[in-house]
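Report on the following structure.
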Amino acid sequence: MSQQTVQAIRGLYDAFNRGDLATLEKGFAPDFQRFEPESSLYAAGNPYRGFNELREGVYKPRSRDFESFRAELDQVLDAGEFVITTGRYRARCKATGKDLSTQFCHVLHLDKAGKVDRLQGYTDTLKEAQAVGRVKIVDEMRIPQPAM
C-alpha cells in the first residue's frame with residue numbers, strides 16, 4: 001500500500017471527525033456499500049448503498065443520539081486488496097450523558113480510482129446500546145480461576 005493511500009484513508013477519518021461530510025463523500029465511490037456491525041443501533045438498513053443512504057441511515061441518527069462522535073484512528077494496515085483500520089469510537093450520548101468508548105475495526109476495499117467502494121465495520125455493539133440506555137448489565141459473570 002502506498003503512503004499516498006495511507007494518507008488518503010487518514011484524511012477520510014479526519015474529515016469525518018471534523019464533520020466535513022462533503023470531503024468524506026469525495027473519498028467514496030458512487031456505488032459504495034457500507035455494512036454496519038450486526039446488532040448495531042444503525043444496522044437496520046444494511047447494506048447502505050451510496051453516500052446518501054449512509055448519511056440518512058447512519059450519520060444523521062448517530063448525530064441525533066451522540067454528541068462529538070469521533071472515530072479515533074490508530075492503525076491503517078495493508079491486507080492485499082483490502083485496507084484494515086483500527087481505532088476507537090468516542091462520544092457522549094445526548095439522552096443519557098453516558099460516554100461511549102469502544103474499539104472499532106473497519107475493512108475497506110478501494111476501487112481502481114482509489115475510492116472506498118465497500119466498508120464493513122466491527123465494534124462492540126453492547127457498549128453502544130449501554131451508552132444510549134437500551135440495555136443494562138444486571139449482573140456480571142465471574143468465572144473463578146481453577147485451583148492449582
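The values are calculated or read from the model by the stated rules, or taken from the named source; none is laboratory data. Since the model is a prediction, treat every value here as computed from it, not as a measurement. Every residue, glycine among them, receives a Cβ derived from its backbone with ideal geometry; neighbour counts consider all protein chains shown. Side chains included, ligands, DNA and RNA excluded: accessible areas come from the protein's heavy atoms. Shrake-Rupley method; radii C 1.70, N 1.55, O 1.52, S 1.80 Å.
Remarks
- Residue within region 131-140 that is out of contact with any Phe, Trp or Tyr (no Cβ under 6 Å at 6 or more places or on another chain), open to solvent by 40 Å² or more (accessible area, probe 1.4 Å) and in a strand (DSSP E or B) present: no
- The residue that is farthest from residue 110 (Cα to Cα), among those in region 24-61 that are polar (S, T, N, Q) and in contact (Cβ under 8 Å) with a residue 40 or more places away in the chain, is 39.
- All positions within region 1-44 that are of a type in the set (A, V, I, L, M), touching an Asp or Glu at 6+ places or on another chain (Cβ under 8 Å) and open to solvent by 50 Å² or more (accessible area, probe 1.4 Å): 1
- Region 45-60, subset touching a Leu at 6+ places or on another chain (Cβ under 8 Å) and closer than 16 Å to residue 71 by Cα, residue surrounded by the most Cβ atoms within 10 Å (Cβ to Cβ): 59
- Failed item in (1) assigned to a loop (DSSP other than H, G, I, E, B); (2) in contact (Cβ under 8 Å) with a residue 24 or more places away in the chain; (3) surrounded by 16 or more Cβ atoms within 10 Å (Cβ to Cβ), with residue 121 passing the rest: (1)
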